[in-house]
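The values are calculated or read from the model by the stated rules, or taken from the named source; none is laboratory data. None of the values given here were measured: they were computed from a predicted structure. Cβ sites come from the backbone with ideal geometry, for glycine too, and all protein chains shown count toward neighbours.
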Amino acid sequence: MSILGEKISAGRKVKGLTQEELAELAKVNLRTIQRIENSENEPRGKTLVLICEVLDIDLEDLLQRKIQSENNINQVFGYKLASKGTRFLANLLETCMYGLLIFLPYTIYNTSSLKGFMNGDNPIGFGFAAIFGLIVGATFYPIFTGNLGHRMFGLKVISSESGNDFEKASEGAIREMLKGVFSFFIIPIIWIFWDDKNQNLYDKLTKTYVVEKR
């Protein structure tokens, strides 16, 4: 339940009111009250003012608690979680860099034409992605506590269990290997769009968070 829904539900019960009675006193639709208390909707403007007046709730205090609650959702172990947008940009830039490192030399020296390259004459597959991820993770995590994309955007990887830096070569190797293999699929990568901790599936499997450095 959201902080607003929780506070309104608790205030209604303290007053001894049913949802129907609150709706009538506040001149608000019953379905609106139900949606608010079920966290399906958040009251705004006049609706929120009317409900708070009936329940004798301090509006400013309620809004301040809401802000604090939202800030806490984005905090883990004293770090601010990296936003979805920042993680996307970091991953995109890193992918472009690795792409130039791999594809450009391969295209020049091993492919007769760009058409042949696009038709499947290329080195990328599950095995290559897994091995490349192992190398990247083992190389960069002990140095940056993350990969190159994290480094460039001021991010790092920490354990979701202890909050400790994810800086061992073996830890980084496993995480980047899973990331490389999962890049061939859609769900493990876009999982982040529905996750309240901005985690991809490989974050969950390796029990990690990506956070902003202090």
For LEU100, indicate whether it is in a helix (DSSP H, G or I), at pLDDT 70 or above, farther than 23 Å from LEU155 by Cβ and among the aliphatic types (A, V, I, L, M). no
Restricted to region 1-46 and to residues being in a loop (DSSP other than H, G, I, E, B) and surrounded by 19 or more Cβ atoms within 10 Å (Cβ to Cβ), the residue modelled with the highest pLDDT is VAL28
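Could you check region 47-60 and list, in sequence order, the residues that are loosely packed, with under 15 Cβ neighbours inside 10 Å and either outside the structural domain of LEU25 (by TED's automatic domain parsing) or closer than 11 Å to LEU4 by Cα (or both)?
From region 47-60, those loosely packed, with under 15 Cβ neighbours inside 10 Å are 49, 53, 56, 58-60; that's our starting set.
Of everything in region 47-60, just one residue is loosely packed, with under 15 Cβ neighbours inside 10 Å and either outside the structural domain of LEU25 (by TED's automatic domain parsing) or closer than 11 Å to LEU4 by Cα (or both), namely LEU59.
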Looking at region 147-164 only, could you name the residues that are in contact with a Phe, Trp or Tyr (Cβ under 9 Å, 6 or more places away or on another chain), over 16 Å from LEU205 (Cα atoms) and not hydrophobic (A, V, I, L, M, F, W, C)? ASN147, HIS150, ARG151, LYS156, ASN164
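Residues that are among the basic types (Lys, Arg), at least 2 per element: which helices (runs of 4 or more DSSP H) completely within region 128-194 meet that?
Working: elements: 148-152, 169-182, 187-190.
In region 128-194, 169-182 are the helices (runs of 4 or more DSSP H) which contain 2 or more residues that are among the basic types (Lys, Arg).
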Modelled with pLDDT of 90 or more and within 19 Å of the chain's Cα centre (by Cα): which single residue out of SER160, SER183, SER170 fits that description? SER160
All but one of (1) farther than 15 Å from PHE88 by Cβ; (2) free of Cβ contacts under 8 Å to residues at least 12 places away in the same chain hold for ILE186, so report the exception by its number. (1)
Index of the failed condition, GLY146 passing every other in (1) on the phi > 0 side of the Ramachandran plot; (2) exposed (fewer than 15 other Cβ atoms within 10 Å of the Cβ); (3) not polar (S, T, N, Q): (2)
What number of residues within region 1-32 satisfy the criterion of being in contact with a Lys or Arg (Cβ under 8 Å, 6 or more places away or on another chain) and among the hydrophobic types (A, V, I, L, M, F, W, C)? 3
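Which of the residues belonging to region 123-143 are crowded, with 18+ Cβ neighbours inside 10 Å, aliphatic (A, V, I, L, M) and in contact (Cβ under 8 Å) with a residue 40 or more places away in the chain?
First, pick out the residues of region 123-143 that are crowded, with 18+ Cβ neighbours inside 10 Å: 129, 132-134, 136-138, 140-141.
Going one step further and asking which of them are aliphatic (A, V, I, L, M), we end up with 129, 134, 136, 138.
Within region 123-143, ALA129, LEU134, VAL136 meet the criteria.
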Quick check on region 104-122. Is at least one of its residues assigned to a helix (DSSP H, G or I), under 27 Å from ARG214 (Cα atoms) and modelled with pLDDT under 95? no
